[in-house]
Amino acid sequence: MGTIENRLKNINNEDEKTVRILTSQHIDLLAEAYKAMGKNSNVPSAYKRGAAASEKMVKRFGGIAKNTHMITTIVYYYTNAGNPVAARKFLEESMAEAKDYWPVYSNYAKILISNGELDKAMKYAKKAYQLAEDIAKPKVAFVIADILITKGEIDAAMKVLKDEQAAIGANPAGRAKSIAKQLNDRIKE
C-alpha cells in the first residue's frame with residue numbers, strides 16, 4: 001500500500017509502463033486495502049489521487065486524443081472520489097479533443113442524468129450511439145433506456161432495449177452473447 005501511495009506522489013519519475021499500470025489498476029487495489037483496514041474515509045482520497053495521477057499521465061503521454069482508453073477510468077475515479085463536477089469538466093475537455101470517441105459522450109450523458117439534465121443527456125447519448133461500433137451500441141442503449149426510465153417513459157425504454165436485442169439476433173456469439181444476456185436481464189428488470 002505504501003508503495004502505491006509513494007508512486008502516486010512521484011508519478012512524474014515513473015516510466016510509462018509503470019504509470020499506465022499504476023493509474024489503470026492499482027487505485028482500486030489501494031481503495032480495497034483502505035476498506036480492509038477499516039479506513040473507509042481514505043477511499044475517496046485514493047480515488048481523487050488516482051484521478052489526478054491519471055490526468056497527469058494523459059498529459060505527459062500525448063494528451064487525451066492519444067490516451068482515450070483512460071477517459072472512462074478518470075471519470076470512474078472522480079465519481080468514486082465524490083467529485084462529479086471534476087468528472088464533468090474532464091469529459092467536457094475530452095469531447096474537445098476526442099470528438100469521435102463514443103465513450104466520452106456516453107459517460108457525459110451519465111453525468112447529466114445524475115444532475116437531472118435529461119434532455120441534454122439524451123442529446124449526448126444519441127451522439128454516442130451514432131459514433132459507437134455495432135457491438136457497443138447496446139451499452140449506449142442502456143444509457144438511453146436509463147434516461148427514458150428516469151423520465152417515466154418505461155414503454156419507450158423497453159422499445160430501445162428490445163430493438164437492441166433484435167439487432168443482436170437470436171444466436172449471438174462471442175462478446176455479443178454476453179451483451180445479449182445483459183439486455184435480457186435488463187428487460188426483465
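When only residues in the stretch 62-98 that are within 17 Å of I27 (Cβ to Cβ) and not in a helix (DSSP H, G or I) count, which is modelled with the lowest pLDDT? First the steps, then the outcome.
If we filter the stretch 62-98 for residues that are within 17 Å of I27 (Cβ to Cβ), which is where we start, we get 67, 69-83, 86-87, 90.
Keeping just the survivors that are not in a helix (DSSP H, G or I) gives 67, 81-83.
On the way: N67: 89, A81: 94, G82: 93, N83: 94.
Among them, the one singled out is N67.
Scanning the stretch 111-136 for residues that are of a type in the set (D, E, K, R) and modelled with pLDDT of 90 or more, which turns out surrounded by the fewest Cβ atoms within 10 Å (Cβ to Cβ)? Even if it seems obvious, please write down each step before you answer.
Narrowing the stretch 111-136 to residues of a type in the set (D, E, K, R): 117, 119-120, 123, 126-127, 133-134.
Filter again for modelled with pLDDT of 90 or more, leaving 117, 119-120, 123, 126-127, 133.
Working: E117: 15, D119: 9, K120: 15, K123: 16, K126: 16, K127: 19, E133: 7.
Ranking the qualifying residues of the stretch 111-136, first place goes to E133.
What are the residues in the stretch 122-137 that are among the hydrophobic types (A, V, I, L, M, F, W, C) and under 12 Å from Y105 (Cβ atoms), if any?
Initially, the stretch 122-137 is screened for residues among the hydrophobic types (A, V, I, L, M, F, W, C), giving 122, 125, 128, 131-132, 135-136.
Result: M122, A125, A128, L131, A132, A136.
Of all residues in the stretch 68-86, those that are under 17 Å from N42 (Cβ atoms) have Cβ atoms under 6 Å from Cβ atoms of residues that are open to solvent by 60 Å² or more (accessible area, probe 1.4 Å), 6 or more apart or on another chain, in A81/K48. Applying the set (1) at pLDDT 90 or above; (2) open to solvent by 60 Å² or more (accessible area, probe 1.4 Å); (3) not hydroxyl-bearing (S, T, Y) to A166 leaves exactly one unmet item: (1).
Test Y34 against the criterion of being of a type in the set (F, W, Y), farther than 30 Å from T150 by Cβ and either part of a helix (DSSP H, G or I) or at pLDDT 90 or above (or both), and give yes or no. It is true that Y34 is of a type in the set (F, W, Y), farther than 30 Å from T150 by Cβ and either part of a helix (DSSP H, G or I) or at pLDDT 90 or above (or both). Are any of the residues in the stretch 118-140 without any contact (Cβ under 8 Å) to a residue 24 or more places away in the chain, closer than 25 Å to A46 by Cβ and not polar (S, T, N, Q)? No, that holds for no residue.
The values are calculated or read from the model by the stated rules, or taken from the named source; none is laboratory data. Only a predicted model underlies this, so the values are computations on that prediction, with no experimental measurement involved. Ideal geometry is used to build each Cβ from the backbone, glycine not excepted, and the neighbour counts take in all protein chains shown. The protein model used for the area step is the full one, side chains on, heavy atoms only, and it has no ligands, DNA or RNA in it. Shrake-Rupley method; radii C 1.70, N 1.55, O 1.52, S 1.80 Å.
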